[in-house]
Amino acid sequence: MNNPILTVEHLSVTFNHRQTVVDDISFEIHAGETFALVGESGSGKSITALSVLRLLPNNASLNAEAINLHGDDVLKRSEFELCKIRGRRIGFIFQDPMSSLNPVMTIGSQIEEVIKLHFDLSRDALQQRALEL
C-alpha cells in the first residue's frame with residue numbers, strides 16, 4: 001500500500017499532569033481514505049485532532065512517538081513552521097458549525113481568508129478558488 005498521508009503513533013494527552021484524556025492512540029490515514037474519529041462526548045476526539053496540529057491549550061501535555069504528515073515529523077517543527085502547514089497541508093472541520101464558522105462573515109470570505117494566508121493570488125483568482133472549493 002502507498003505511504004500514509006498522516007501517521008500518529010502512541011499519542012497520549014494529559015491535562016494538568018494528572019488527567020489523561022487520550023491514552024496511547026495510533027492510526028494511519030492513506031490517500032483516498034475516509035477517516036472518521038468517533039466516540040462519546042468527552043472521549044478525546046477533538047483533543048486528538050488538536051494534538052495532530054499541536055494546538056492544545058497550555059495546561060495540556062502531549063506525548064507521542066511520532067506524528068508524521070507526508071513523512072514530515074510535526075513534533076519537530078517550530079510554531080512558525082506549523083503555521084505554514086496548518087490550513088494548507090492539513091486541517092479539520094469540527095462537527096459543531098457554530099465553533100467552525102464565524103456567523104457574522106460569509107462562508108466565502110472565510111474560505112478566502114485561509115487561501116490568502118497560504119497563496120499569493122490576485123483578488124479575482126482568490127475569489128475563483130474559493131468558489132471552486
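Restricting attention to the range 95-132, and to residues there that are exposed (fewer than 11 other Cβ atoms within 10 Å of the Cβ) and at pLDDT 85 or above, which single residue is nearest to Cys83 (Cα to Cα)?
Keep residues of the range 95-132 that are exposed (fewer than 11 other Cβ atoms within 10 Å of the Cβ), which gives 95-99, 103-104, 120, 122-124, 131-132.
Next cut, at pLDDT 85 or above only: 120, 122-124, 131-132.
Numbers: Asp120: 16, Ser122: 22, Arg123: 22, Asp124: 25, Leu131: 24, Glu132: 24 Å.
The residue in question is Asp120.
Can you pull out the residues in the range 9-38 that are over 25 Å from Gly87 (Cβ atoms) and in a loop (DSSP other than H, G, I, E, B)?
The answer is Asn16, His17, Arg18.
Among the residues of the range 41-56, are any within 28 Å of Pro4 (Cβ to Cβ), at pLDDT below 90, exposed (fewer than 14 other Cβ atoms within 10 Å of the Cβ) and in contact with a helix residue (DSSP H, G or I) (Cβ under 7 Å, 6 or more places away or on another chain)?
No: the range 41-56 contains no residue that is within 28 Å of Pro4 (Cβ to Cβ), at pLDDT below 90, exposed (fewer than 14 other Cβ atoms within 10 Å of the Cβ) and in contact with a helix residue (DSSP H, G or I) (Cβ under 7 Å, 6 or more places away or on another chain).
Examine the range 63-83 for a residue that is in a loop (DSSP other than H, G, I, E, B), at pLDDT 85 or above, in contact with a Leu (Cβ under 6 Å, 6 or more places away or on another chain) and within 28 Å of Asn16 (Cα to Cα), and state whether such a residue exists. Reasoning before the result, please.
Initially, the range 63-83 is screened for residues in a loop (DSSP other than H, G, I, E, B), giving 64-65, 70-71, 77-78.
Those still in the list that are at pLDDT 85 or above too: 64-65, 70-71, 77-78.
Of the ones still in play, those that are also in contact with a Leu (Cβ under 6 Å, 6 or more places away or on another chain) are 64.
So of that shortlist, the ones also within 28 Å of Asn16 (Cα to Cα) come out as 64.
Yes, that holds for at least one residue.
The values are calculated or read from the model by the stated rules, or taken from the named source; none is laboratory data. Keep in mind it's a predicted model, so treat the numbers as computed, not measured. So basically every Cβ, Gly included, is an ideal-geometry build from the backbone, and we count neighbours across all protein chains shown.
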